[in-house]
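The values are calculated or read from the model by the stated rules, or taken from the named source; none is laboratory data. As the structure is a prediction and not an experimental result, all values here were calculated from the model. Every residue, glycine as well, gets a Cβ built from its backbone with ideal geometry; the counts of neighbours run over all protein chains shown. For the accessible areas, the whole protein counts, side chains as well, though only heavy atoms, and no ligand, DNA or RNA atoms are used. Shrake-Rupley method; radii C 1.70, N 1.55, O 1.52, S 1.80 Å.
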Amino acid sequence: MAADHSRAPVLEALVEYRRHGRLGFTPPGHKQARGADPAVREVLGDAVFLGDVLASGGLDDRLTRGRVLDRAEELMADAVHAEHTFFTTCGSSLSVKAAMLSVAGPHEKLLIGRDAHKSVVSGLILSGIEPVWVEPRWDAERRLAHPPSAEQFEKAFEAHPDAKGALITSPTPYGACAELSAIAEVCHRRSMPLIVDEAWGAHLPFHDDLPSWAMDAGADVCVTSIHKMGSGLEQGSVFHQQGGLVPPQLLKMRADLLGTTSPSVLLYAGLDGWRRQMALHGHELMGTALDLAAEVRAAIEEIDGLHVNDRADLCGEGLADDLDPLPGVIDVEGLGITGFQAADWLREHRHLDMHLTDHRRIGAQITHADDRETTGQLLTALKALAQAAPELPRAPRVDVPEPSELRLAQALLPRDAFFGATEDVPLAEAAGRVTAEMITPYPPGIPAVLPGERLTEPVLRYLRTGLDAGMNLPDPTDRKLETIRVVAASEDPAK
């Protein structure tokens with residue numbers, strides 16, 4: 001029987017909850033907004049609190065006999081061509097950890113593209129999985145990493161035949177995509193699963209002019225952030241499963257190990273409603289977004305000093321295999337300023353927030369929620385930025401290493417370094433030591449330094465100069481980077 005995508009089980013159950021006038025003597029303690037602080041109610045509105053009910057013993061009965069969540073997940077899986085889908089309310093940071101734990105365990109190997117998000121590294125620390133890093137394809141001219149190729153995963157499996165599977169990030173926050181079908185074939189020839197961190201690809205299943213998405217490409221597990229490019233609320237994430245290499249029961253068990261026992265029905269409702277919106281209208285909405293993005297990209301090219309990275313820049317031999325045009329990554333190097341300066345100026349002077357920022361780029365993400373009014377404001381602001389740029393102070397130069405200098409040797413497992421004996425050393429004395437913490441330029445959130453890696457002077461110089469230029473480093477113990485937490489000398493295998 002064909003799935004009825006006009007239905008939205010979570011939203012419908014919320015309507016029924018209100019229609020029956022249910023009175024809960026359960027959490028949440030605000031009791032349908034009645035106990036919430038008046039000032040909070042004024043800012044958030046009562047609708048937030050009215051939708052905040054228990055998932056079981058509230059939205060559904062105590063034994064979940066209404067199968068509200070199950071039905072919503074089944075519809076989501078059908079909409080995106082997966083066999084099973086699981087909702088989570090802790091973001092894709094949880095989903096990707098659950099996927100990793102379903103494929104490998106402590107001291108087992110997992111092939112991972114080194115351009116992975118910090119949540120993947122957190123998964124390594126928690127699990128004790130041994131990473132086998134697969135190097136990204138590096139654009140030395142633009143100082144930009146792209147997903148590894150199928151050939152690189154082939155060689156990694158040949159060198160590590162005991163690896164339990166592979167994990168790749170595609171699309172990247174820059175819109176660069178891997179040839180997932182070829183990488184899946186490399187894995188499946190060995191009966192090993194492929195996990196795709198597709199946090200930035202929620203929209204991909206809904207238009208043929210977008211890059212192929214993970215389930216259609218043959219991935220076994222795919223992690224997707226509905227809040228990034230979709231219409232879900234922040235932290236709304238799903239992971240999809242197909243095939244027999246990662247049993248769905250095991251995936252659910254691992255997710256239960258990490259997830260909350262008090263999931264947000266608000267987030268579930270956002271996921272459910274987005275699926276219905278895309279299943280019914282996704283092709284039209286994404287087609288409109290693609291047309292609008294093409295107009296915006298062309299208009300930005302007319303602004304002196306700005307360039308939008310396109311397929312000619314990012315795809316080709318040794319680069320990415322495909323490109324999602326919606327992230328809209330703008331190179332501001334021609335203005336003589338950094339991406340950090342550009343983002344700060346746009347926020348302060350035009351009240352526009354950019355997401356991705358680095359030493360030479362900003363990201364102007366276009367989604368189905370945009371229209372010519374919002375993009376018109378963007379273009380006006382970018383023209384004003386171009387006019388203001390000559391008067392902006394010269395930012396300190398970010399010393400970005402050559403590709404060969406970026407890679408740090410893994411001296412210890414991330415878990416062993418993170419939980420072992422540590423000490424804090426001055427930055428000037430850190431080269432040659434094994435780091436015990438992550439250091440991650442954010443966004444996009446790809447760690448430059450991982451626990452267990454041996455620090456080098458070029459990478460330390462990159463982080464120090466980046467911080468001076470406005471880079472955000474949220475995770476080191478000392479956010480001023482005057483000191484770095486390293487493995488105690490007594491625990492260093494080279495000492």
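So here's what we get for this one:
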read-out	value
Residue list for segment 77-95, restricted to those being within 16 Å of the chain's Cα centre (by Cα) and open to solvent by 20 Å² or more (accessible area, probe 1.4 Å)	C90, S93
Contacts under 9 angstrom Cβ, first residue in segment 12-41 being closer than 18 Å to G270 by Cα and open to solvent by 60 Å² or more (accessible area, probe 1.4 Å), partner assigned to a helix (DSSP H, G or I) and aliphatic (A, V, I, L, M), 6 or more apart	R18/L50
Residue pairs meeting the criteria (Cβ under 7 Å; at least 6 apart or on separate chains; first within 18 Å of L481 (Cβ to Cβ) and open to solvent by less than 70 Å² (accessible area, probe 1.4 Å), in segment 405-432; second assigned to a helix (DSSP H, G or I) and basic (K, R))	L427/R464
Leading residue by the ranking (surrounded by the fewest Cβ atoms within 10 Å (Cβ to Cβ)) among those in segment 286-314 that are without any contact (Cβ under 8 Å) to a residue 24 or more places away in the chain and of a type outside the set (A, V, I, L, M)	E302
Hits in segment 1-11 - residues which are open to solvent by 50 Å² or more (accessible area, probe 1.4 Å) and at pLDDT below 95	M1, A2
Residue selected from segment 96-136 under the condition charged (D, E, K, R) and either in a loop (DSSP other than H, G, I, E, B) or more than 23 Å from D358 (Cα to Cα) (or both), by the criterion least open to solvent (accessible area, probe 1.4 Å)	D115
Counted residues, segment 319-334 - those being of a type in the set (A, V, I, L, M), open to solvent by 10 Å² or more (accessible area, probe 1.4 Å) and touching a Leu at 6+ places or on another chain (Cβ under 7 Å)	1
Entirely in segment 264-362, the helices (runs of 4 or more DSSP H) that have 2 or more residues that are in contact with a Ser or Thr (Cβ under 7 Å, 6 or more places away or on another chain) and at negative phi	265-301, 339-350
Residue within segment 355-364 that is surrounded by 19 or more Cβ atoms within 10 Å (Cβ to Cβ) and among the basic types (K, R) present	yes
Scope segment 433-488; condition more than 14 Å from E423 (Cα to Cα), open to solvent by 20 Å² or more (accessible area, probe 1.4 Å) and β-branched (V, I, T); matching residues	I446, T456, T465
Boolean, D139 is at pLDDT 95 or above and surrounded by fewer than 24 Cβ atoms within 10 Å (Cβ to Cβ)	no
Qualifying positions in segment 208-260 - part of a helix (DSSP H, G or I) and under 17 Å from the mean Cα position of the chain (by Cα)	A214, I226, H227, K228, M229
Flag if D370 is among the charged types (D, E, K, R) and within 15 Å of L326 (Cα to Cα)	yes
Breaking point among (1) modelled with pLDDT under 95; (2) under 24 Å from the mean Cα position of the chain (by Cα), for E491	(2)
Considering residues of segment 441-458 that are more than 13 Å from the chain's Cα centre (by Cα) and within 21 Å of E130 (Cβ to Cβ) only, the residue modelled with the lowest pLDDT	A448
Selection status of A384, open to solvent by less than 30 Å² (accessible area, probe 1.4 Å), out of contact with any Gly (no Cβ under 9 Å at 6 or more places or on another chain) and farther than 14 Å from R297 by Cα	yes
